[in-house]
Each structure stands twice: as structure tokens, then as C-alpha cells.
Amino acid sequence: MQKVLITGTAGFIGFYLAKKLLREGFEVVGIDNINNYYDINLKYARLAETGIYSPQEKNHSGGENKIYKEIDFGKEITSVVYPHYRFIRMKLEDKEAILSLFQKENFNYVVNLAAQAGVRYSIVNPDVYIQSNINGFFNILEACRHFPVINLIYASSSSVYGDNAKVPFSVDDKVDTPVSLYAATKKSNEMMAYTYSHLYHIPITGLRFFTVYGPWGRPDMAPSLFAKAITSGNAIKVFNNGDMERDFTYVEDIVESVFKILQLKDKPDKNYQLHNIGNGKPVNLLNFIEIMEDAFDVKAEKIFLPMQPGDVKITWADTASLEHRTGYKPDTNLKKGIKEFTGWFKQFYNTSN
């Protein structure tokens, strides 16, 4: 049985990936620092869905209104649902703990999804991005250097393209003009990963994710913000007066792409690989809101505002390199994905819409 370390398993994508790999017969060790960037109860609810509970948790029944007990740092917990899944609350910045974990576990693969997310948050809280996204990722690279793996897969972001005027965005495009610190840290990750791959012959695959959405999604992302406004009768904030386009990518398409990469048996031409993961179909923001209104059967009030600092007008993924490498192309229809998301949102947040 192959063993995979997934960092960020209390997070949105990590939660889905852990479930996918466990169903496919992998052994999974998950780590996450469970910070309070957004509601930690959502993070604990995701962990509970995979059978991870605090040792003090007496009632293992879930539910949208359940308050979960805190998990202590360094505590290893085995899932009550998946016997081959263990979780440890840990910070990437804790180099000693990371190196000790790698030495103990002898991982076959590492999927690094843990990072401080959020473009706008990086403008007002820059320090945490350097600690988590730069120092934390450095520790993962060092661990893979000293305890080799078959492949280190890590999450980059479409934000590295900045205000790139050429569309769709290709992995061959120059990405030297990030417009937020978050984007700059992701660009730094790519440069660090390339250097480690070159110097130490580590197989590394970087994945630029494009606007991920779906059930269990982050509450700071547009789908959740719009859904919360719609269901509470508040106005939706529409930035750049709605003149924006996003390449919305369903979370299970992201996870399937990672899984396809893990399954590859042939050795690539180069140790370092880089792929976009997006739907390849940018959607106007007002059209996206209209689809959400239809799903909730509510017409929302809108407040039109100027562009926010650090934001970009369009994202659009060219996925040719991913298709060439894996034979897979993300293709979940937006209306179908939004239907799944809104159904979950109503249930989890117990809304009447």
C-alpha cells in the first residue's frame, strides 16, 4: 500500500483529496494547522466527515450545528471511518516536526496543499504568508530532499499570472508581475521547487489551480459569499462593476487531476513539471451570479463597486500540458457544480432558501 502525505487535510481541496485516495486504496497521513483564517468549525466538520475527531469528542454524530472539540498540536488521531487515515495537527513552519514526520513515515508521495490562502488578506496580514507559504514550503522541500519521494505535488495558483493580457493563460507564459503578496509567494514556491528539483533531482509537479468551488468550499470565496448574501437577504458586492471573468473549476475535477498525476507510471522528460488545472471556460461574474440566483430561486440585490486591490479582470486556463501528461481535462458543467454547491450550502448552514 502506497503512503501519501497530504498537507492541509482540514482544508477544502485536501479534505476531498484525502477521501479520494483513501477510497482508491492509499494510506494517507494528513496534517493541518487548523488556523482561524476562516471558521475553524468548518475545518473540524470536514475532518469529522473523514472520521477524525478530538480524543475528547464523545459524540461522533455530525451535523451543521455541531461544535467540535479542539485537536491539540502534535496529537496523532486515527480515523474512525478510514482505518488507513491518520491525522496530526502540525504547522509547516515547524521544521523539526516536519523532518521527524518524514523520517518516521517514509512517504511514497507528498501532496502539499497547505498554505495561507486569500489575495486580499495578504494585503493586510503579510507576515503569515511569508511564514506559511515561504518558510513552510521550504521545510517540505528540505524534507523531500533528505527523505526522497516518488513525486512531490504542490499547489500553486492562477494568481501567479497577474494581469497577463494574453489569454488563455499557458504554463509557458512569463509570470513576473504578481499583483498581490499571495501571488508572489506562489511564484516563489514555483522557483524554489524548480531549484530543488534541479539541484537534488527531486521529481516535483506544480499545479496552478483556477478558482476552485464546490460543496465544503471556503467561506471567503465568491460562491460562499454570494450564497450567504442571497440566503440572508443581503446585497451581493459585485466588484469592477461585474466586468470580470473567472475560470471556475469544480473541486472534484481538481482532485481527479491530482489523482491522475499520482497514477502515472512513466518517467517524465524532466523532473520538474508544471500544469494549469482549470475548466478552460471563463464565466462572466454577472452570469455566475445569475446561475446562483437560479439555483436558490432568489433574485439578489447587487451593489456595484470598483476593482479591489490585488484582483485581476480575467482568469482562463490553458490545460494542454495537463491533458498531454495525463489524458484528463476538467469539464464539470458550471450549472451542475453550482447545483451541488447550493444543495450542500442549504443543508450545512440550515437555510430555508
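Restricted to the range 63-129, the set of strands (runs of 3 or more DSSP E) holding at least 1 residues that are surrounded by fewer than 17 Cβ atoms within 10 Å (Cβ to Cβ) comprises 76-78. Taking the range 246-353 as the region of interest, the helices (runs of 4 or more DSSP H) fully inside it that hold 3 or more residues being among the basic types (Lys, Arg) and touching a residue at least 12 places away in the same chain (Cβ under 8 Å) are 334-348. For the range 234-245, what are the residues that are assigned to a helix (DSSP H, G or I) and polar (S, T, N, Q)? Scanning the range 234-245 gives ASN240, ASN241. What are the residues in the range 6-34 that are on the phi < 0 side of the Ramachandran plot and more than 15 Å from the chain's Cα centre (by Cα), if any? LEU21, LEU22, ARG23, GLU24, PHE26, GLU27, VAL28, VAL29, listed by residue number. Within the range 310-340, the set of residues being touching an Asp or Glu at 6+ places or on another chain (Cβ under 8 Å) and among the β-branched types (Val, Ile, Thr) comprises VAL312, ILE314, THR315, THR332.
Selection within the range 300-339: residues that are over 22 Å from LYS174 (Cβ atoms) and either touching a Pro at 6+ places or on another chain (Cβ under 6 Å) or of a type in the set (S, T, N, Q) (or both). The member of this set that is modelled with the lowest pLDDT is GLN308.
Looking only at the range 3-21, which residues are surrounded by fewer than 21 Cβ atoms within 10 Å (Cβ to Cβ) and either under 13 Å from ARG86 (Cα atoms) or touching a His at 6+ places or on another chain (Cβ under 9 Å) (or both)? Across the range 3-21, the qualifying residues are LYS3, LYS19.
The values are calculated or read from the model by the stated rules, or taken from the named source; none is laboratory data. Because the structure is predicted, anything quoted here is derived from the model rather than measured. With ideal geometry, Cβ positions are generated from the backbone for all residues, glycine too; neighbour counts draw on all protein chains shown.
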